[in-house]
Ligand SMILES: Cc1ncc(COP(=O)(O)O)c(C=O)c1O
């Protein structure tokens, strides 16, 4: 599949220079069609039959296996969740941290990680998002590093596996801006969260959590999928592997949509995403202070001349979709394998016209 064919899968590009996969990736026609097939089946044949649950369970296992292969994990290490935030909550609840425990995080994390960190009741130590600063923040009370592989603010990639190895601590990796954007291998990561709706271009309210050693994390937020047998008082025998952390029923339409979305990823995806990110960075750097370094993730952030929120709205009027980062005074463009040179030209033209 060449670039034009791959891009033609996404009707949104017929209208918009859509540069916000960091929030929601573009949807391919095949993704929505796969969802429609399941929704129609639910509509016409009902959501219960001897084969219905078996089919849905088989679909769940197919998604689990596909996600595992995407990040070089075993299917038994993958739990199906609703989001990165959901995955962070599963891990932090299961670790049973107390106020005397410390977790080291960075000053550029998303609330999807920070909220669950706060709820864990551990003492949260905030370091600058930099290898040395993170390691310097570790103390004898540190139980966990909780950091993004790619920062949502600047696209900077952090050496998470190296940090885990050097500190000797477990690491919870927020993979929301990494998985599907840059090659991601779970090696050296104890926990990795995945959002399906961003760089995987999947349906919303769907994600995954990779747990390297599922037996060592307590099932603190059980769902029906967590158990293979249970007692009248709720005691349960956990399912083998990370499936015990499956956080909920997932609409089969969403599972089928994600499988279709994963099918659509071309072999040359990462290479092109990196090249387009660099292209976007260079074009913006001629005009603005760009906060994203070269060869990191696929997000480009810069300091605009006007009010960021007003610029986002003005650019949307011109068919260019980006986002502002509240409180940081910056704008952010997301470049994927689907991004064209023309998208970036449209971004620059629209910015030029709006000061
Ligand atoms: C780094 C990061 N973590 C977490 C999230 C939240 O993701 P989800 O909606 O899948 O919980 C986001 C969403 O933008 C993000 O950028």
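Looking at the structure I just gave you, is residue 195 surrounded by 15 or more Cβ atoms within 10 Å (Cβ to Cβ), more than 16 Å from the chain's Cα centre (by Cα) and at pLDDT 95 or above? Against the criterion (surrounded by 15 or more Cβ atoms within 10 Å (Cβ to Cβ), more than 16 Å from the chain's Cα centre (by Cα) and at pLDDT 95 or above), residue 195 does not qualify. When 273, 285 are checked against the criterion of being within 23 Å of residue 2 (Cα to Cα) and surrounded by fewer than 24 Cβ atoms within 10 Å (Cβ to Cβ), a single residue qualifies: 273. Residues of segment 80-114 that are more than 16 Å from the chain's Cα centre (by Cα) and either surrounded by fewer than 22 Cβ atoms within 10 Å (Cβ to Cβ) or more than 16 Å from the ligand (Cβ to nearest atom) (or both): 93, 94, 95, 96, 97, 98, 99, 100, 101, 102, 104, 107. For segment 224-252, residues that are surrounded by 17 or more Cβ atoms within 10 Å (Cβ to Cβ) and within 24 Å of the chain's Cα centre (by Cα) total 12. Candidates are the residues of segment 302-314 that are buried (at least 17 other Cβ atoms within 10 Å of the Cβ) and in contact with a helix residue (DSSP H, G or I) (Cβ under 9 Å, 6 or more places away or on another chain); the one that is farthest from residue 330 (Cα to Cα) is 314. Pairs linking a residue in segment 1-18 that is assigned by TED's automatic domain parsing to the domain that holds residue 320 to a residue that is loosely packed, with under 14 Cβ neighbours inside 10 Å and not in a helix (DSSP H, G or I), with Cβ atoms under 8 Å and 6 or more positions apart or on different chains, are 15/319; 16/319; 17/319. None of 327, 297, 306 is at positive phi and not in a helix (DSSP H, G or I) except 327. Out of 54, 137, 65, one residue alone is at pLDDT 95 or above, over 23 Å from residue 208 (Cβ atoms) and away from the ligand (no atom under 16 Å from the Cβ). It is 137.
A quick yes/no check of all residues on (1) more than 11 Å from the ligand (Cβ to nearest atom); (2) assigned by TED's automatic domain parsing to the domain that holds residue 337; (3) over 19 Å from residue 148 (Cα atoms); (4) in contact with a strand residue (DSSP E or B) (Cβ under 7 Å, 6 or more places away or on another chain):
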{"residue": "179", "(1), (2), (3), (4)": "no, no, no, yes"}
{"residue": "184", "(1), (2), (3), (4)": "yes, no, no, no"}
{"residue": "193", "(1), (2), (3), (4)": "no, no, no, yes"}
{"residue": "205", "(1), (2), (3), (4)": "no, no, yes, no"}
{"residue": "215", "(1), (2), (3), (4)": "yes, no, yes, no"}
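Where strands (runs of 3 or more DSSP E) fall wholly inside segment 118-176, the ranges with 3 or more residues that are surrounded by fewer than 24 Cβ atoms within 10 Å (Cβ to Cβ) and either touching a helix residue (DSSP H, G or I) at 6+ places or on another chain (Cβ under 9 Å) or not assigned by TED's automatic domain parsing to the domain that holds residue 293 (or both) are 123-127. Using the structure shown, decide if residue 96 is in the same structural domain as residue 247 (by TED's automatic domain parsing), over 14 Å from residue 191 (Cα atoms) and assigned to a loop (DSSP other than H, G, I, E, B). So residue 96 passes the test. Out of curiosity, is residue 187 in contact (Cβ under 8 Å) with a residue 24 or more places away in the chain and not in a loop (DSSP other than H, G, I, E, B)? It is false that residue 187 is in contact (Cβ under 8 Å) with a residue 24 or more places away in the chain and not in a loop (DSSP other than H, G, I, E, B). Flag not set for residue 64, criterion: assigned to a helix (DSSP H, G or I), farther than 28 Å from residue 151 by Cα and in contact with a strand residue (DSSP E or B) (Cβ under 9 Å, 6 or more places away or on another chain).
The values are calculated or read from the model by the stated rules, or taken from the named source; none is laboratory data. The structure presented is a predicted model; accordingly, all values stated were derived computationally and were not measured. Every residue, glycine as well, gets a Cβ built from its backbone with ideal geometry; the counts of neighbours run over all protein chains shown.
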